[in-house]
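So the structure is just underneath, and the comments pick up after that.
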Amino acid sequence: MINGINKIEQSIKEMEGGQFQKFCDRYLYEKNNWNLKENFCDPGSMQGTNKTTAGTPDSYVMDGNGKYILVMYGTRLDAIKKLENDIQDAKDKSKISINCISKIICCYGGNNVPAYKQEELKRIADPCDLELISSTSMAYDILQNYYQIAVDFCGFEEGTDQIFGLQDFISIHDKSELNAPISNPYIEHDDQLGKIQESIEYNDITIITGKPGVGKTKSSVEIIKYLQQNMENNCILIKSNSTNVTNNLKLYLSTKRNNYIFIDDINEIEDLKHLLSLLHSEMYNIKILCTIRDYIISDLKNDISQYNYKVINLEAPNSNTLKKILVEGSFLRYENQISDNDLRKIQNNPRHSIICALAINKGIALSNNFKNILTSYYESIIKDINKSNSILDTLFLISVFNKLDLKSEHFIKAIGYIGQKELEFNDNLSYLEKNELCDVYKRRIASVSDQSLRDYVLYVYLFKKNNLLETTFIDLIGNETIVIAINNALSFISDINDLNKLEIDISNIYKKIKSRLDIPQKLNFISKYGSLIPDEAYDTIIDIFTSLNDKDDDNNYYSYYFFEIAREILNSSIRENYIRGILLLIFKLMKFNNDLIENSVNFIVQNLGADLNKEDIFLDPKRCIEEIKACFDKDNSNFIEFVIHLCDKLLDKHITNITFNGKRDICVRNWTLPSDERFTNFISLVFSLLVKVPNCSEIDSFIVRNFRKNLNAKDTISEQILLESLKMCNLNSDYKKLMSVDYFFAHNDGSCSPTQINEFDDFQLGYAMLSYYLKGSIKNAAYDKLKIDVLPGYLMKYDSYSKILKNSNFICNINRLIAFFDDKEKKLFISEIMKNDINNYNFYFVNILACEYGIKDFLKDFSDELFKHPVHYYNVICSNQTIENGFVADIKDVIHCMNDEQMKFVRLNIFINRVQENTQIIQEIISRSLKVDAYEIIYDLDVDLFKNIFKNISNKSDLIDICIKCMTKTLCGLEYGIAKFLIDNEYFISSLLEKTYRDDLLINYFNDYSNLLINLWDSEYFKEYLSKFLDDDSDCFQIHRSFWSSFFGAINAKSKDWLLKKLNRSNDICCIKNIMNLVNYYFNYEDSIPFFEIIKDKKISLKEIYPLHKEFGWSGSLIPVLETQKNFIDKLQDVFYGDLDNYIYLNKIHKNLEDRIHQEEIKDYVDK
C-alpha cells in the first residue's frame, strides 16, 4: 500500500497547476457525490487544457442549503503561506457575501500542516468552515476508495477489484445468501487459531484446507483481525476474479511494515507464480495466509514446493459448537431447532448447517440425506428467481463453462445454441447478478457464485433434461469442458436411473470424440470414466500393455495409466467379467519388467485383497492365487519375486483399505483379518502356491519366516496347517528339521523331557541348544554332557546348515556358543568349524574365532586354509590394528596372493609405530595399490603416520598419485591434514592440476575441504600452474568445467583477489574471456561489478563477454531471475556510462529482459 501512496504523492508533485486542479475537482466530486452538470463549476481551469485562469475561487459548488462551498488549490512547497493567502482571498476576492459561504476547502501538496497552524487557519476562515486536504490524505483515500482516479491521473494500471480492506472483504463476502457469514462472532474450537498463528510465524505460506464450508475463510479472517491490531502490520485481503492481480498488489505492499496477505481460494489466482515470486523479493517482508479446497491441495504444492509452507487441515466443529454458531448468528432462535442427528448427517459442516438452518426457516423438512437437503434448498432458490426457462438456460451455460468469457467466439455460438440473443442473455445475466447468483467482472467474465449451485444446475440439465449432449453441443463447448461439467454434476447423482443415464451419456460422448483425442487426452478421459465404459477401458489397457512392451515408450507414463484404468474397470458394475483378463495382463507385464513388481503387488492387494464387506472375505485373493497357480512360471525370476511379495502382503492380517466416497472424498479404513477357519484355509491355499517353486531359497525363507511369525499366535492358526507346512516336499530338509524344533517348543511352553529330547537328532539338538530352548529344560549335568556330545560335531555333520546359518543369528551368537566350552573343547570346536570352506563366513566371524583360539596359534594351525582366502588372513594378522613382530613376511606373502579387488582391503594404518623396519613392504604395498587403482590404502590414515611414511619411502610420487586419486574418485576425499601437508610439494600441485584438468575430474572438498581450498590459494605453485590454464586459447572453461568448479565452486576473498589481479595484468583476449566465464558462472552479480570496471578500463566490447549469468533450472516463475538480471544491467549501465557502444549494447539487453518478463507473465497466466 505504501508503494501506491508514494506513487500518487510523487505524481501530484509532478503535476502542473491546471492538471492538479482537475485532479482535485475529480476527487472532490466523487468523494462528496457532487453533480458536475448542475451545481459544480471550475472557473480557475482553462477548458480543454491543463492551464489555469486567473480568478477566485478555483472551483465552487452549491450545497443543499443554497450556500457556496469555495475550493482553492495549491501545489507550492511553502504550503502554509499559500493556504493563508488562499483562505483570505476566498473571503475577500470571491465577491460573494460572507454570509453566503458555508465552507472553504483547500487542497494542497507538500508537507502536512501542524495542528497549531490548522487552528490559526481556521481562525482566518471564520465564520466559514474550513476543510484542509493534503496530498497525503488524498493519496490514502484514492488508493482505498477511488482507484480509477489513480488510473486516470497517476499512470496506475486498471484496478482488478480483487484487493480489499478487512471490512470491505467481510461485507462483500456476506452479501451472498449462499455464503456462511463471516461477520458473526467466532467460536473457537480445537485451538485452531493458535495453530494458524504459530504456522504464520515460522513459514512463508500457511495453507488452510478442509471440506467446503468447514470455516476456512472465517478462521483466516479472525487471524487477520488479530494481526491488524498491530500497527507494524499491513494486512491485505484478496479474492480472485480470474484476472492477474500481482502488479496491482505491489501498490498495496509496504517496504517498512510486515505484509500479511490473505488469499481466499488461492487456486483461483490467475498469476499465482508471479504473486509467489514476491516472496523472493528483498524489498518486502511478506507472509501469505490462504485457503484452498482439500481435494486440490496437491496441485498447489507443485507451485509452492520451493517455499517454506505448512498445511493446516480444519476439522468440522462438534454439534454443540455448531448450534452456538447458528443461534449467535441469528440463523436459528433456539439450539433445539436442529438436532445432533441432523448435524451428523451433514458431517458437522458449518456452511451446510447454515443452509439447513435457512431451509428450516423456509419450512423445508430436513431429509435423511444432505444431498437432498441441498437439492431442496437449491430448488427453492431457483423457484424463487425463475421468471422463465431463459434465465435458467443462461445459468446453465455459465455453469458449463465455469468462467464464461463474454467476448470469446464460443459465447455467441453457445447462446445461439440455447436459443438466446446477446441482448436477452445480458438481461438474464443482470438479473442473476442482482440476485447474487452470478459474479460478472467488468462485464467480461461471468461465473456462478456458489460451486454447489453450479453443480446442481449442471445435474438438472445434464441428467434431467434431454438432447444437451448432442455432438453439436460437444463440438461447441469442447471435449474437456463437457467432461469437467459432467464431473461436477456427479455430486448430485442420487439414484440408479441417473447412473444408467450417465453411463449412456459417457459412452456416447466417448464415441463422438474418440477419433479427435490424442493419446494423452484419451488416457485422461478413460482414467476418469473407465468404470462407466468398462469395455472401452479394457481395450485401452490392452493398448497400453502393447506400449509397455515397447522399450522405446515411456514406461512410467503408461504404467501409471494402466493401473489407474484397471482400477476404474474393477469399480464398474460388471467387474467380474474383467478380473481374470486384468490379472493375466499384469502377470505378463511383470515377467518382462521388474520395475512393475511393486506396483502390481500393491494394485492387487488394494483392489483384489481381502474385503470384509463380502460374504466370502477372501473371494478375490483366492481367485488371484488360483490364477497365479494356473499360469505359474517357475523359471521367471520376476514372477517368483512377485509371488513372494504378493503372498507376504496377502498374509498380513492388518489391512489398510482406501475407498472413494462420492466424487472427491477418500476414506481410509484400518482393520484386522479375523482369526478363524477362513483365514486358516486361506493360509493353506497360499502355501499350496508356494510349494510350486522347487529348490528356491527365497520361497524357503518366506515359508520359515511366516511359519515362525505365526508360532506365537497358535491360538489363531490350526496346528494342522503348521504341520502340513513341515511336510511340504520342496522345502529344504534342514529347514524342516529346524521348523519342527521351533514348533515343538512353541507348543510345549518351551520345555521338554529327556525322553522327548531323544526324538531329535544331533543337528536338531545343536539348534535347540543354540536357541536356548534346552537351557531350562534339563539338569546342568545332563546339559553339559549333551553339550560335549553334540555341539563339536553337529555343524560339521550337516554342511548345509552352515549355509543356512550364514545369514541367521549364528554368527551373532558365536561368542555365546563358544562360551559353552572350556579351553580344550573350544580349540576342538573351532578346529571342526575351520574344516569347512571359510569363504561362507564373514570377516567378523573369522576374527572372533582367531581371538578365541589365539591369533598366533590360529595363523600357524590354519595357515593353509587362510592362504586360500588372503583377505581373511590379512584381517586376522591386522586384527589388533598393528603388525606384530614375526608377521611382516606373512603380510608380504598375503599381499602377493591378493587379486586387484582384494587389495582394496589393505590399509597403511596397520604400520603405526613400525614404519622404519617395514619400509620395504610399505613401498611394495604403495606400488601394488597404485597399479590396481586401490587408493583405499590411505583411508583413516593418521596425519603423523602419513608424514612418517612419506619421509621414509623412496616412491613418494606413487603415494602422491594415490592421494590425488583419493581426492578425485571418492566422496570422502583426502584427509584434510594430509592434503595440507602436501600443498607445498610442487609435484603434488602440478600433478593435481594436470590430472584433474586433463581428465575433467572434480576434486571433492566436502566438510573441511573448503579450508583446503583456502590454503591452496596461499601456494605459489598452485597460482602459477592455475594461471597457465587460464592462458589456454581453447574454450577451457566449457570443456573443463569440473576442473574450475573444484577451485571456484566455493568463492573466497583470496580467489577473488587473485582473479582480479590476473584480469588487471592480462591483455590477452582469450585469457580475459576465460576469466569472465569464471566470473559469470561462479560469482554473484554484486561481486562481479569490479571485474566489469576493469573491462571498461581496458575498453573491451561487452559483445565479446556476455555480461549475464548462465541460466540454470529454476523452480517456479522465471520472473524473479529476470528482474535480478535487469537490476544488474541497470548497475552496469552506470559503470559503462560514457562508453557509448557498450551502453547501447546494455540497453538492448535491458529491453530484451523487459520483453522476456512480459512474456513470462503471459506464460505464467497460460500455465495457470
- Task: Say whether the condition of being at pLDDT below 85, in the same structural domain as Ile504 (by TED's automatic domain parsing) and part of a helix (DSSP H, G or I) is met by at least one residue in the range 442-451.
- Result: yes
- Filtered residues of the range 343-357 (kept if among the hydrophobic types (A, V, I, L, M, F, W, C) and either modelled with pLDDT of 70 or more or within 30 Å of the chain's Cα centre (by Cα) (or both)): Leu343, Ile354, Ile355, Cys356, Ala357
- Among Asp161, Asp141, the single one that is at negative phi and either free of Cβ contacts under 8 Å to residues at least 24 places away in the same chain or within 53 Å of the chain's Cα centre (by Cα) (or both) is Asp141
- Query: Which residues, taken from the range 91-114, are of a type in the set (Val, Ile, Thr), within 22 Å of Asp25 (Cβ to Cβ) and at pLDDT 85 or above?
  - Reply: Ile96, Ile101, Ile104, Ile105
- Query: Would the range 183-205 turn up any residue that is among the hydroxyl-bearing types (Ser, Thr, Tyr) and modelled with pLDDT under 85?
  - Reply: yes
- Task: Only residues that are surrounded by fewer than 18 Cβ atoms within 10 Å (Cβ to Cβ) and either closer than 14 Å to Leu1102 by Cα or modelled with pLDDT under 85 (or both): list them for the range 1122-1132, please.
- Result: none
- Do any residues in the range 66-94 that are more than 13 Å from Cys106 (Cα to Cα) and in the same structural domain as Met15 (by TED's automatic domain parsing) have Cβ atoms under 7 Å from those of residues that are of a type in the set (Phe, Trp, Tyr) and not in a loop (DSSP other than H, G, I, E, B), where the two are at least six apart or on different chains, and which pairs are they? Tyr68/Tyr60
- Looking at this structure, is Ile373 over 18 Å from Pro185 (Cα atoms), buried (at least 17 other Cβ atoms within 10 Å of the Cβ) and modelled with pLDDT under 70? yes
- Exclusive hit being over 13 Å from Phe563 (Cα atoms), assigned by TED's automatic domain parsing to the domain that holds Leu650, modelled with pLDDT of 80 or more and in a helix (DSSP H, G or I), set Ile586, Ile625: Ile625
- The lone condition Asp611 fails out of (1) in contact with an Asp or Glu (Cβ under 9 Å, 6 or more places away or on another chain); (2) assigned to a helix (DSSP H, G or I) is (2)
- Query: What number of residues in the range 890-920 are farther than 17 Å from Lys947 by Cα and of a type outside the set (Asp, Glu)?
  - Reply: 13
- Among the residues of the range 151-166, is any hydrophobic (A, V, I, L, M, F, W, C), touching an Asp or Glu at 6+ places or on another chain (Cβ under 7 Å) and loosely packed, with under 15 Cβ neighbours inside 10 Å? yes
- Restricted to the range 997-1042, and to residues that are closer than 18 Å to Glu975 by Cβ and part of a helix (DSSP H, G or I), which residue is modelled with the highest pLDDT? Leu1016
- Query: Looking at (1) under 21 Å from Tyr987 (Cα atoms); (2) within 50 Å of the chain's Cα centre (by Cα), which is the one condition that is false for Ser927?
  - Reply: (2)
- If the Cβ limit is 9 Å and pairs must be 6+ apart or interchain, which residue in the range 123-134 that is closer than 14 Å to Asp89 by Cα pairs with which residue that is of a type in the set (Val, Ile, Thr) and exposed (fewer than 13 other Cβ atoms within 10 Å of the Cβ)? Cys128/Ile98
- Query: So which residues in the range 23-82 are assigned to a strand (DSSP E or B), aromatic (Phe, Trp, Tyr) and modelled with pLDDT of 75 or more, if there are any at all?
  - Reply: Tyr60, Tyr68, Tyr73
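The values are calculated or read from the model by the stated rules, or taken from the named source; none is laboratory data. Since the model is a prediction, treat every value here as computed from it, not as a measurement. All Cβ positions, glycine included, derive from the backbone under ideal geometry; neighbour counts span all protein chains shown.
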